[in-house]
Amino acid sequence: MTSISVAEAAPRRRGRGELGKAESRQALGFITPALAGLTVFTVVPVVLSVAMSLFDWPAWGDREFIGFGNYVDLFTSHPDFWPALRNSAVFTLLFVPLNLVVSLGLALLLGPRIRGRAAFRVLFFIPVVTPMVANVLVWRMLLQPNGLFNGVTTAAFDLTLPSFLNHPQWAMVMVVIMSVWQGMGYNMLIFCAAIEQLPESVLEAARIDGARGAQMFFRVTLPLLSPAVFFTTVMTMISSMQVFAQPQLLTGGGPGNATLPMVMFIYEQAFTFQQMGLAAAAAWVLFAVIIGLTALQFRAQRRWVHYEV
Amino acid sequence: MMNTRPLVAVVAAGAAVALAACGTPSSGGTSSDGGKFTVVWDMWASGESDVEALEAQLAIAREENPDIDIQLKHAPWDDYFTKLTTNLASGDVACVTSMNGQRLSGYHEAFLPLTEEELATAGIDPDDFAAGSFDIMSHDGTLYGIPYDVAAMLVYYNKDMFAETGTPEPEVGWTFDDFDAAAEGTTTDEHHGFGMSIGEFQWMSLPIARSGKQPVDESGALALDDPEFADAAEWYVDIADKGFGSVPPSAAETGWGEQEYQAGNVAMAIDGTWNAATYLGNEAGFDAGMVDLPSQDGEHLGLVLGSGYGISADCADKEAALKVLGSLVGEDAQNLIASSGRSYPARTSSQPLYFGSLDEGVRDEVEATFEAAFTGVQGQRSTDDWAQINEAMSPQIISVYTGDTTIGDVLGQTQQQFGE
């Protein structure tokens, strides 16, 4: 029996193998353009950046292999690396919750009963599509000592505000506030869409069971929205770890290094200080942090994200 | 099992193509195009009027070199050096590359050293240029480019504010005591007497003039923590502490003092001779004046600054590039930049045309100020990482103005970080 089945199976397997090979070749033809693009623009730069991080790699001139020297330098002796990591963490810790609360709040406020809600949505979305440089210039004019805020409080209450962008703590707070204002419209749209998709039958059942107000929101609506909250948390966390334009343009990373985040640190090392190797190493550290945090969030989602209704 | 070999082959082929692309630097834009060589000239330009002025110079160079196809590329000043660094990394540097004298130390390896032979090819006679101007484009005694302008730092002042407060206007040969009195006298509830800065020579010039010390010593070593220089820097920061100086509102405002001056918000600021024409014709509509840096104990140390053009070391057709260089710093091009008042040319014979471009009412004052500012100047000394030192220091100085640290600490830390 066994020998027969083997004998029968053998040609069949060979036949499928040939067909499979032909199919593989055809498939390869179809995916080659995409694969070539991926290789040239993603795989090669990624591999190159790993190699770069192991070298003393000036912008041009002689390169020298130094193993993990760049990483050691970053963690043990570089004066700006730890502050940059700290600043990115502080920004993320402040920005992500604030952004989610504000954008979810806006989405809930702009419920179906609000007249002109489409216009409001557009209004709140405008900062997202406006170029960051324009946003920052407006905020600079608001926040400077001779700007609008200080002008109003001085004239109306004889109160002089601190020089926000020069103050070691206020500068970061203002970068966060400006970023929340700029970015809230995007998450608001996602929440708006999610709210409109809420199953009416579940909400109605909850209402019949007597759920009201806060209880309704925290026990029913929020759990139903949890996939959207999870998605926005992950994406917002990743984008906030990569924050660059706001501090670069608003505070220049200062005062001192009080608002210098990781990506700005990487940019400065590479293009101002021309230490490509050190910058590549820092970029890999940032990558590891982001991947680690994202993985943690995916593991934690089992506890609080409800995909089934 | 899926056969992965073709996949690997594709990836490897893609990698080979990409690496090959990295490994063959294009020759800085020099290629044969129907018998005509192309030479790219890379320069900074911060606005439409800058670009127009460059195109006028380009037209001169093209006319003088009909057998060469000359192309102009430009980027704003702030981005120019980032772009240059990127171009260097990819081996794609323009044959004729503009360079600022203060930054040459960090880029000199990218340039072709110019000997008498190269100067002869370009048709350049060093005697035609202002004394000491070749130092601007030299590093360690080797010439890497030809200067197109020379510059010195000046004190610009708002005559209207001096008249309004009844403060005597500064005069050539004034002292630091006069400066202190002027800053105090012109400060009112409405405006500060002086615009503080965090940009390189906009802040460093006064401490250098006061102490008579450059932050890099004769041996080329960083000397930021020199006690006399540090004392003078302390004095500079005190202008803000005493309430006479307008402080930049953030570290992103690298040109604060000059901007505030140009907007008519402060009575005095430090800036280079390159902006003299801009300030004289300011849009805020005030009457602008200028004077050399104040002196301490009868002496003041000013630095001669400037920019020029060099030939990239890996330029494929150096001869064509040298000819273009010769035209760009030639008499016609120099006369053009002088008579437009855009910068003070390095070529001596073109210099009088600069003053001729100014209004008759201010011509004598500007000429006297320039003469004083360019007297007894020293070449600027710098280290290889001079640009980085300044980038690192700027946001720190902001913290000094806000009282979170002291200038002594900032200078000490920067010295420790960069001075080896």
Taking every pair of alpha-carbon atoms in chain B, what share in percent sits in each 10 Å bin, from 0 to the bin with the longest distance? 5, 21, 29, 24, 13, 6, 2, 1, 0, 0
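Over its Cα atoms, what ratio of radius of gyration to 2.2 N^0.38 Å does chain A give?
1.37
Identify the chymotrypsin sites (Phe, Trp or Tyr not before Pro) of region A:254-309 meeting these criteria: DSSP loop state and at most 16 other C-beta atoms within 10 Å of the C-beta.
Details: sites: A:F265, A:Y267, A:F271, A:F273, A:W284, A:F287, A:F298, A:W304, A:Y307; in loops: A:F273, A:Y307.
Within region A:254-309, the qualifying chymotrypsin sites (Phe, Trp or Tyr not before Pro) (loop, at most 16 other Cβ atoms within 10 Å) are A:Y307.
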I'd like the distance between the alpha-carbon centres of region B:153-223 and region A:223-275, rounded to an integer number of Å. 38 Å
Expressed as a whole number, the average count of other chain Cβ atoms within 10 Å around the Cβ atoms of B:242-254 is 6
Trypsin sites (Lys or Arg not before Pro) within region A:209-301: which are DSSP loop residues with at most 13 other Cβ atoms inside 10 Å? A:R212
Candidates per GluC sites (Glu not before Pro) in region B:181-273, loop by DSSP, up to 14 other Cβ within 10 Å: B:E190, B:E218
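Is the shape of the protein assembly as shown rounded, prolate or oblate, going by the alpha carbon gyration tensor and its root eigenvalues a ≥ b ≥ c, with a/c under 1.5 for rounded and a/b larger than b/c for prolate? Don't skip to the end; give the middle numbers.
Working: a/c = 2.29, a/b = 1.37, b/c = 1.68.
Verdict is oblate for the protein assembly as shown.
What number, rounded to the nearest 500 deg cm²/dmol, is the helix-based mean residue ellipticity at 222 nm of chain B, given -39500 (n - 2.57) per DSSP H run of at least four residues and division by all its residues?
Values: 18 runs with 188 residues, N = 420.
One gets -13500 deg cm²/dmol as the mean residue ellipticity at 222 nm.
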Sorted from largest down, give the three principal axis spans of the alpha carbons of region A:180-296, whole angstrom values. 66, 29, 20
Intensity falloff of region B:204-296 expressed as log10 I(q)/I(0), Debye formula with alpha-carbon point scatterers, at q = 0.12, 0.16, 0.17, 0.23 Å⁻¹: -0.46, -0.79, -0.87, -1.25
Most fluctuating of A:V243, A:V173, A:V202 in the GNM of chain A (C-alpha, under 10 Å) is A:V202
Max mean-square fluctuation residue, GNM over chain A, Cα-Cα springs under 10 Å, options A:A270, A:A107, A:A119: A:A119
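We did not get these values from a lab; they are worked out from the coordinates using the rules stated. On a predicted model such as this, the values are computed, not experimentally measured, just so you know. Cβ atoms come from the backbone with ideal geometry, glycine included; neighbour counts cover every protein chain shown.
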